[in-house]
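Written below as structure tokens is the structure these notes are about.
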Amino acid sequence: MEPYLTQLPFWEVLTKQEKEAVRNGASLRRYKKGAFVHSGGNECLGMLLLLKGEIRTYLLSDEGREVTLFRVYSGELCVLSASCVISQITFETQMTAQQDTETLTIPAGIIAALKEQNIHVRCFLYELAVQRFSDVMWSMQQILFKGLDRRLADFLLAEQERIKSNTIPMTHEQIARHISSAREAVARMLKQFSEDCLVELKRGAVVLLDVDALKKRR
């Protein structure tokens with residue numbers, strides 16, 4: 001457990017007693033691709049440090065519509081799963097594993113105690129919450145103020161930069177979820193991009209053919 005615990009950004013500022021409490025309470029959890037990780041309406045899970053995989057955080061309407069807020073990748077922390085610790089977080093989010101995922105989970109009770117006892121942890125939690133709120137606002141701006149063509153181009157270019165490859169291994173349905181659109185609309189726009197020789201559509205993947213032209217669509 002120790003090699004994982006030392007990846008926590010605030011580990012070195014914890015007291016000996018605080019480190020022992022985290023050691024005793026932390027646990028490793030594994031989720032299969034597509035598995036449900038957390039819901040804001042369920043038991044407060046605590047803080048998650050992703051050791052492997054990817055988690056998508058989104059809002060779910062009563063009608064079943066999903067709006068992606070942000071994704072958490074290996075080496076990153078998720079604080080919205082510990083929203084019961086930060087009372088200012090009042091909206092409920094859903095989290096699912098986008099890949100086979102492994103997390104280091106620190107229970108909400110321990111995080112709450114650290115927040116009250118250690119000013120460094122408290123500042124870190126609020127800083128991380130502000131960072132995620134900024135991600136949420138960026139997502140809302142994309143949805144409200146950008147057309148589907150620009151959102152799709154933005155997403156494809158961001159994925160290319162993230163995975164360092166021109167082949168984006170995602171289906172139309174997966175892309176639609178990430179940019180909070182209908183699958184049919186994304187399929188039509190990808191077809192248009194293909195006809196314009198910007199991308200090549202393959203089974204379960206999209207290949208970027210003209211990155212410079214895509215950048216002009218942003």
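All of the numbers you see were taken from the coordinates with simple rules; none came from a lab. Since the structure is predicted, the reported quantities are computational estimates derived from the model, not experimental observations. Heads up, the Cβs are rebuilt from the backbone with ideal geometry, glycines too, and the neighbour counts pull from every protein chain shown.
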Candidate cut points under trypsin sites (Lys or Arg not before Pro) in region 94-202, DSSP loop plus at most 16 other Cβ atoms within 10 Å of their own Cβ, are Lys146, Lys164
Region 114-161: D in µm²/s via Stokes-Einstein (Kirkwood Rh, Cα pairs, 20 °C, 1.002 mPa s)?
167 µm²/s
Any idea what the relative contact order of the chain is, in percent, if you count C-alpha pairs under 8 Å spaced at least 6 apart?
20 percent
Under the rule a/c < 1.5 gives rounded, and otherwise a/b versus b/c splits prolate from oblate, where does the chain land using the Cα gyration tensor?
prolate
Can you give the charge dipole size of the chain about its Cα centre, rounded to the nearest 20 debye, using +1 on the beta carbon of Lys and Arg and -1 on the beta carbon of Asp and Glu?
300 debye
Counting only GluC sites (Glu not before Pro) that sit in a DSSP loop (anything but H, G, I, E, B) with at most 16 other Cβ atoms within 10 Å, what is the longest stretch of the chain containing none of them?
93-218
Tilt, helix 108-117 to longest principal axis of the chain (alpha-carbon atoms), in degrees rounded to tens, equals 60 degrees
Positive-end residue, the chain charge dipole about Cα centroid, Cβ charges, pick of Leu69, Ser139, Ala187
Ala187
What Kirkwood Rh does region 128-218 have if only Cα atoms enter the pairwise 1/r average? Answer in Å.
13.4 Å
Can you list the aspartates and glutamates whose alpha carbon sits under 16 Å from that of Lys164, skipping same-chain ones fewer than 8 residues off?
Asp154, Asp210, Asp212
Quick check on my link table: of Lys33/Lys202; Lys146/Lys202; Lys115/Lys146, which ones sit more than 32 Å apart, alpha carbon to alpha carbon?
Lys115/Lys146
